[in-house]
Amino acid sequence: MPIKVNDNLTVSKFTVKVEGKEPFTVEIGGPDLKVQIPESSKYVTTIHFTVTGAPVKAFKYKQVAKKGGIPIKSREIEIGDYEPREEEYTYEFPEDTTPGGFLLRGNYPVTSTYYVDGQELIANDWTTEVVAK
């Protein structure tokens, strides 16, 4: 179920490419979304979105992961400016790495927040599960 960020921007899904594995698609917006990634893995995430109606300026994505209620990792991605078009846009985030080790496996609650033109528009919660390789 896509997330309508505002009247002109809809985020439909993410594609996750984990080193040594086949890419997989994450449909967003549904309840109880959980993504499993092996420990100590390098991965790249691609966001898929559409722009309709009017241009989207200064599109930004922020992600905060927590463990035990404490923020442990945060990243902000400046996605950019986009004009309306029928085709879906994609944007590949910089490579990231999951934590490794027995004590770091488990569930990490994550909040994704979407900004346009400096304004926070919508946030959604999901979970990353770091599993043994």
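Would you tally the net charge around Ile37, using a Cβ to Cβ cut-off of less than 12 Å, leaving Ile37 out, and scoring K and R as +1, D and E as -1?
Details: positive: Lys17, Lys21, Lys34, Lys42, Arg105, Lys133; negative: Glu19, Glu39, Asp96, Glu129.
The answer is +2.
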State, as an integer percentage, the relative contact order of the chain based on alpha-carbon contacts under 8 Å between residues 6 or more apart.
28 percent
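Net charge around Val11, counting only other residues with Cβ within less than 11 Å of its Cβ (Lys, Arg = +1; Asp, Glu = -1)?
0
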How far apart, in nm, are the 7 Å Cα→Cβ label points at Val44 and Leu104?
2.2 nm
For the chain, build the charge dipole from Cβ charges (+1 Lys, Arg; -1 Asp, Glu) around the Cα centre, then report which of Leu104, Ile79, Tyr43 sits farthest towards its positive end.
Leu104
Residue separation between Glu92 and Asp117 times 0.36 nm, minus their alpha-carbon distance, gives in nm 7.0 nm
Could you check how much of the accessible area of region 3-131 is carbon and sulfur, as a whole percent, using a 1.4 Å probe?
49 percent
So, with +1 on the Cβ of K and R and -1 on the Cβ of D and E, and no other charges, what is the size of the charge dipole of the chain about its Cα centre, to the nearest 20 debye?
600 debye
Which option, (1) 12.9, 38; (2) 16.8, 53; (3) 15.1, 48, is the value of Rg and Dmax of the Cα atoms in Å that was calculated from these coordinates?
(3)
For the Thr127, Asp81 Cβ pair and Förster radius 22 Å, calculated FRET efficiency rounded to 0.05 is 0.10
Checking the table Lys17/Lys133; Lys13/Lys133; Lys4/Lys66; Lys4/Lys60; Lys60/Lys133; Lys42/Lys62 against a 21 Å threshold on Cα-Cα, which pairs fail?
Lys13/Lys133; Lys4/Lys66; Lys60/Lys133
From the Cα centre of region 1-56 to that of region 61-133, the distance in Å is 9 Å
Whole-percent pair-distance distribution, where bins are 5 Å wide, for the alpha carbons of region 41-100:
4, 14, 22, 21, 15, 11, 8, 4, 1
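The values are calculated or read from the model by the stated rules, or taken from the named source; none is laboratory data. Note that the coordinates shown come from a computational prediction; the quantities given were computed from them, not determined experimentally. For neighbour counting, all protein chains shown are included, and Cβ atoms are generated from backbone atoms with ideal geometry for every residue, glycine included. With ligands, DNA and RNA removed, areas are computed over all heavy atoms of the protein, side chains included. Shrake-Rupley method; radii C 1.70, N 1.55, O 1.52, S 1.80 Å.
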